[in-house]
Every structure is written in C-alpha cells, then in structure tokens.
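The values are calculated or read from the model by the stated rules, or taken from the named source; none is laboratory data. If you're wondering where the values come from, they're calculated on a predicted model, not measured in any experiment. With ideal geometry, Cβ positions are generated from the backbone for all residues, glycine too; neighbour counts draw on all protein chains shown.
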Amino acid sequence: MTRGFEIVSSKQNEVLNVPKRQTKQAAGYDFECAEDFTLPSIWKFNFVKIIKGLLHHEELSDEDYLDADKVLKPFLVPTGIKAYMGKNEFLMLANRSSNPLKRRLVLPNGVGIVDADYYNNEGNEGEIFFQLLNFGVKDVVIKKGERIGQGIFMPYLLADEEDQPMSDRKGGFGSTKK
C-alpha cells in the first residue's frame, strides 16, 4: 500500500468516512468533520476592542494587544483521519472553494502540509485537523460528516547536497517547531 487514509484508533467505533474524490477528474480527496463543531466568529473576541480603539485613536496597552492576540487564532477542526504515504510525498490540505464564499471560513495559513512521518506519531496518532478561522459575523456550526476541506497527495524534491535532518518526529500537530 503506497498511500491512503485510515480512521484513527480513538474514533474506530464512530461512523466516519475516509476521504474520497467526488468526480473522476478531482485532484482532492474531501475530508469531513468528525464531530459537530461550532466555529465562533472572530468578531466575538477581544480583538474587536483593538479595532475600535484604533478607529477612535484611543490609547491601547500592550495587555490589550496580548489579550486580543490570544483569542484571534484558528480552531483545529478534527477529521478522525490519518494518512499514510510514500517517501518524498506529502498531503497538501486545502480549503474547499465554497468555504470562504458561502460560510466565511478560511485556512489562515493558506494550505496545510502533512508530512509522511506525521502518520502514527506518538502525539496524536497522526490525526489530521483543518485549521479554520470564521471571519463571518455569526458562529458557524459544522455538522459531523460535512465536508470541510480537501487533501491532495503530492511528490516533493530534495535539494542537492542537503544536510540531511537527523531527528525523527516526536509529536503531533505543529511538533517540528524549534
């Protein structure tokens, strides 16, 4: 088996669908939400105080900025899915084209990259999450089984004479940061 999807062990007893392509020519495999999930609107959080203060030329403290920054971050929407793939491949996660237009949901980093060594890592078994931000004025409820994004398997190339990394992945989401 070269590449594909599995349900993570913690969700084996739940009714989940592995990602699939919707048409013959589709490049992306559609991922579904693993559970009902409420994605709050960014406009409910403290960062609105910052915008108001800036518009009214009010003095804002460093603490005001820190408080706003703490809440203005994407949410990790669970899929219950992990992906395995071959050497020199990765899974690119992309937003559904309808999400920003119809639901005001965006992937704040543009795309997500799932490396081959994310599969079965000790931090979260390799469960794939979609980072989403709701810039709409109302909360968005994503129902279990709703499509939230897509994954595309891609090859990658290595640079000539690269100093090969020596470390192995130790954890889950975002675990390779220094």
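Structure values in brief
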quantity: Residues that are within 15 Å of I148 (Cα to Cα), free of Cβ contacts under 8 Å to residues at least 40 places away in the same chain and assigned to a loop (DSSP other than H, G, I, E, B), drawn from segment 73-103; calculated: S97
quantity: Single match in L60, L39 (criterion: surrounded by 13 or more Cβ atoms within 10 Å (Cβ to Cβ), touching a helix residue (DSSP H, G or I) at 6+ places or on another chain (Cβ under 6 Å) and either closer than 22 Å to L93 by Cβ or of a type outside the set (D, E) (or both)); calculated: L60
quantity: Near pairs, Cβ below 9 angstrom, 6+ apart or cross-chain, from segment 116-137 (in contact (Cβ under 8 Å) with a residue 24 or more places away in the chain and at positive phi) to any residue that is in a strand (DSSP E or B) and among the charged types (D, E, K, R); calculated: N120/K82; E125/K82; G126/E6; G126/K82
quantity: Residue within segment 131-139 that is surrounded by 15 or more Cβ atoms within 10 Å (Cβ to Cβ) and aromatic (F, W, Y) present; calculated: no
quantity: Subset of segment 65-102 that is surrounded by 14 or more Cβ atoms within 10 Å (Cβ to Cβ) and of a type in the set (D, E, K, R) - its residue that is farthest from V114 (Cα to Cα); calculated: D67
quantity: Among the residues listed as S61, S9, S41, the single one being out of contact with any Leu (no Cβ under 9 Å at 6 or more places or on another chain), modelled with pLDDT of 95 or more and more than 30 Å from L157 (Cβ to Cβ); calculated: S9
quantity: Complete set of residues in segment 101-119 that are out of contact with any Leu (no Cβ under 7 Å at 6 or more places or on another chain) and within 21 Å of Y156 (Cα to Cα); calculated: N109, G110, I113, D115, A116, D117, Y118, Y119
quantity: Sole exception among (1) part of a loop (DSSP other than H, G, I, E, B); (2) of a type in the set (K, R); (3) surrounded by 11 or more Cβ atoms within 10 Å (Cβ to Cβ) for K52, by number; calculated: (1)
